[in-house]
Amino acid sequence: MLTVKDVSYIAKLANLKLSDDDKTLFVDQLNTVLQHIEQLNELDECLAERSSSANHKSSLQKMILREDVVSPSLSREDILKECAHASKESFIVPKVVEAS
Amino acid sequence: MKDLTLLSANQIVKQIKEKSLKAFDVCKAYLDRIEKLNPSINAYTHINKESALNKASEIDQKIANGEPVGSMAGVPVALKDNISHKNQPLSSASDILGANDRPYHSPYNAFVVERLLDEDAVILGRTNMDEFAMGSSTETSAYGVTRNPWDLERVPGGSSGGSAAAVAARLACIALGSDTGGSIRQPASFCGVLGLKPTYGEVSRFGLAAFASSLDQIGPFARKTEDIALVMEVIAKHDPQDSTSIPSDDFYGSYLDHIQGDVENLKIAIPSFSWSDAVDKDIQNSLLQTKKSLQKRGARFEDIDLPYNKYAVSVYYILATAEASSNLARYDGVQYGFRDNNQTDLEEMYQGTRSKGFGKEVQRRILLGTYVLSSGYYDAYYKKAQKVQSLIKETYHSVFFKDNFDAIMLPTSPTAAFRFGEKSQDPLQMYLSDIFTIGSNLAGLPAISVPSGLNENNLPLGVQIIGPPGKGLQSLLAISSAHESDTPVPKLEM
């Protein structure tokens, strides 16, 4: 069973900041879902011999990566115009290096 | 004057090519209807009035000049708000992509959009959805709910609820949606239209905002089987920009060759759970009716067991949330979309942006996905879910390749459209409503939902047909065409 402390820890991993009310709500809802998921334990015996990757991809699914050659990409201007805070050349973010 | 929104896509193309119809008039008829009806349904989040009319005029000009036009010339199409259309807004119905404020605009076209435009389709606008396609009711959209055109007090299904409602209310001739666990088929069933999820890899995901990449597939909504086939001819092609796009050219057969409705000697399986108490009686009756009419046309039926299907929802909510937690890590406010500018520290900026930008359902799924992937829990959840996925996949494959069935027929959803708020407070109940659609996503199989009449409350019902991978779509289209001749798509008076 998840506790409020667990949910706070997971939220930190996921870069989410939750209010106390949200934490309580999510603890209950996530526990209900996790309890349902526990039904998978019924299959433990039958899964013991299986590898997780077996048969995962069908024969149609051959992952093909493109050749490693340079091709035209989107312009810097097109990309930066979608940014909430940018200069003409780059994304601007809060300072991450402190002065010594 | 004749109502042009009643024409099928194939009729529109034929009449435009024969010069008996103008693309501009078709486009205008749809835009007028959108103006009149969209305020009460809220199927669209954005309408491209000007660019749609320009494209339609361009097609008419080509025809006047005697130039060739594409195979979807003048067909009005709507796009789900997670499919990139160059210079048009894309927000996945989320505030984190600036839904209500400053929506993100796609700097490029999705592969499917490129194909539609190459074939002279007219793109009308963008349709509403559950935020990041996470939901079964279109209640989690930052743009507010979409209403089911058959009963405005009920949900249209989800997550592609706007696309389904738009096609049902004739606010679009065709719409594209995306299906990760049933997000095309369930709303198609709730709104009384056809909705197809192709084989995984059959349609390129390039330009689709990702939810769970190993399950996501783009597919069409239409009111006729022949229109589903027409769209598939256009969008199902190998695309090197998607590494999971099926590379073999033989795979992409002709879809329009398989809509004659010849189902004689097709062997169809019905999973026994379709007759369980968990499925509403009206749904079971329509399934039985469909079975009887297909039997008259020479199809053979057998009940089968799909023993691991009951685990599908659990497997799905581990795998899909795990992939989502990773895919949605990119929304941090730095490069695009909403940013919480009140923060002076980088980490606080990330957290502020994500907490204010994502809605509750998305946060819930990110938390679940992060948990099942976290150190100490990965084997117990994620790895186990992958193993059960392979079991489920094997069961489906043995139905097709060992027992030699051509298709599996089952309900699309255990109920008809439910009322707003009925399930939104209880995430598990909402998740369990996907029980019949998730299996084909986990197994990568093509599946279609076809309308099968109305219940006593005048709500549409749907039957789902799942096919084997590869050429399986051909038997789906044959069954769908035959079914359509016996049970026409219900006509909505609106």
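Since every read-out is calculated from the coordinates, none of them should be taken as a lab result. Keep in mind that what you see is a predicted model, and the values were worked out from it rather than measured. Because the Cβ atoms are built from the backbone with ideal geometry, glycine has one as well, and the counts that use them run over all protein chains shown.
Peptide B:271-278 has a mean shielding of 0, counted as Cβ atoms of other protein chains within 10 Å of each residue's Cβ. Based on DSSP H segments of at least four residues, each scored -39500 (n - 2.57), chain A has a per-residue ellipticity at 222 nm of -10500 deg cm²/dmol. Converting phi to 3J(HN,Hα) with the Karplus coefficients 6.51, -1.76 and 1.60 and the offset θ = phi - 60°, the stretch B:268-280 yields 10, 9, 10, x, 4, 5, 4, 9, 6, 5, 6, 9, 4 Hz in sequence order, with x at every glycine or proline. Residues in the stretch B:415-422 carry Karplus couplings, in order, of 9, 7, 3, 9, 7, 4, x, 4 Hz; the curve used is 6.51 cos²θ - 1.76 cosθ + 1.60 with θ = phi - 60°, and Gly or Pro positions show x.
Counting only aspartates and glutamates at least 8 places from B:LYS86 when in the same chain, those with an alpha carbon closer than 17 Å to its own are A:GLU77, A:ASP78, A:GLU82, B:GLU50, B:GLU114, B:ASP118, B:GLU119, B:ASP120. For the stretch B:10-84, averaging the sequence separation of C-alpha pairs within contact (under 8 Å, six or more residues apart) and dividing by the residue count gives a relative contact order of 49 percent. With neighbours defined as other Cβ atoms within 10 Å of a residue's Cβ, the residues B:ASP101, A:ASP68 order from fewest to most as A:ASP68, B:ASP101.
Only helices enter the 222 nm calculation for chain B: every DSSP H run of n ≥ 4 contributes -39,500 (n - 2.57), and dividing by all residues gives -11500 deg cm²/dmol, rounded to 500. Counting only Cβ charges, +1 for Lys and Arg and -1 for Asp and Glu, the dipole size of the stretch B:142-222 around its Cα centre is about 80 debye. With both residues required to sit in chain B, DSSP beta bridges show an antiparallel share near 65%. What you get for the stretch B:44-117, charging only the Cβ of Lys and Arg (+1) and of Asp and Glu (-1), is a dipole of about 80 debye around the Cα centre. Based on C-alpha pairs under 8 angstrom that are at least 6 apart in sequence, chain B has a relative contact order of 17 percent. Restricting the GluC sites (Glu not before Pro) of the stretch B:404-494 to loop positions (DSSP other than H, G, I, E, B) with no more than 11 neighbouring Cβ atoms within 10 Å leaves B:GLU456, B:GLU493. Amide H contacts of B:SER452 (H built 1.01 Å from N, in plane; Pro and chain starts excluded): B:LEU461, B:GLY462, B:VAL463 sit under 5 Å, all sequence-distant by 5 or more or on other chains.
Taking amide H as placed 1.01 Å from N in the peptide plane, B:MET129 has its amide H under 5 Å from the amide H of B:GLY162, each at least 5 places away in sequence or on another chain. For the stretch B:202-283, GluC sites (Glu not before Pro) meeting the loop criterion (DSSP other than H, G, I, E, B) and having at most 15 other Cβ atoms within 10 Å: B:GLU264. A cut-off of 5 Å between modelled amide H atoms, ignoring neighbours fewer than 5 places along the same chain, links A:ALA86 with A:ILE92.
In the stretch A:4-46, a dipole from Cβ-located charges (positive for Lys and Arg, negative for Asp and Glu) runs towards its positive end, and of A:LEU25, A:GLN35, A:LEU13 it is A:LEU13 whose Cα lies farthest in that direction. Taking a ≥ b ≥ c as the square roots of the eigenvalues of the Cα gyration tensor, the protein assembly as shown is oblate, since a/c reaches 1.5 or more and a/b is not larger than b/c. Once the Cα atoms are used to define both axes, helix A:20-37 deviates from the longest principal axis of chain A by about 50 degrees. Shown for B:SER325, B:SER57: other C-beta atoms within 10 Å of each C-beta, ranked fewest to most, produce the order B:SER57, B:SER325. A dipole drawn for the protein assembly as shown from +1 and -1 charges on Cβ atoms has a positive end, and of B:TYR311, B:PHE251, B:LEU373 the residue lying farthest that way is B:PHE251. Our coupling estimate for the stretch B:315-331, obtained by passing each phi through the Karplus curve with A = 6.51, B = -1.76, C = 1.60 and θ = phi - 60°, is 4, 4, 6, 8, 5, 5, 6, 4, 5, 5, 4, 6, 4, 8, 5, 5, 8 Hz, Gly and Pro reported as x. Take chain B and mark each of the trypsin sites (Lys or Arg not before Pro) that is in a DSSP loop with at most 11 other Cβ atoms within 10 Å; the longest unmarked stretch, sites excluded, is B:20-401.
Of the GluC sites (Glu not before Pro) found in the stretch B:4-95, those that fall in a DSSP loop while having at most 13 other beta-carbon atoms within 10 Å are B:GLU18.
Here the relative contact order of the stretch B:338-482, from alpha carbon pairs under 8 Å that lie six or more residues apart, stands at 19 percent.
Counting every other Cβ atom within 10 Å of each residue's Cβ, B:LEU21, B:LEU445, B:LEU124 order from fewest to most as B:LEU21, B:LEU445, B:LEU124. Above 29 Å lies some portion of the pair distances; for chain B, what is it as a whole percent of all C-alpha pairs? Cα-Cα pairs in chain B separated by more than 29 Å: 45 percent. DSSP bridge analysis restricted to the protein assembly as shown gives an antiparallel fraction near 65%, rounded to the nearest 5.
Overall, the stretch B:364-494 carries a charge dipole of about 580 debye about its Cα centre when +1 sits on the Cβ of Lys and Arg and -1 on the Cβ of Asp and Glu, all other atoms neutral.
Selection among B:MET430, B:SER137, B:HIS85 by position relative to the dipole of the protein assembly as shown gives B:HIS85 as farthest towards the positive end (Cβ unit charges, Cα centre). Taking the DSSP beta bridges in the stretch B:1-134 as the whole, what percent of them are antiparallel, to the nearest 5? Antiparallel bridges make up about 45 percent of those DSSP assigns within the stretch B:1-134.
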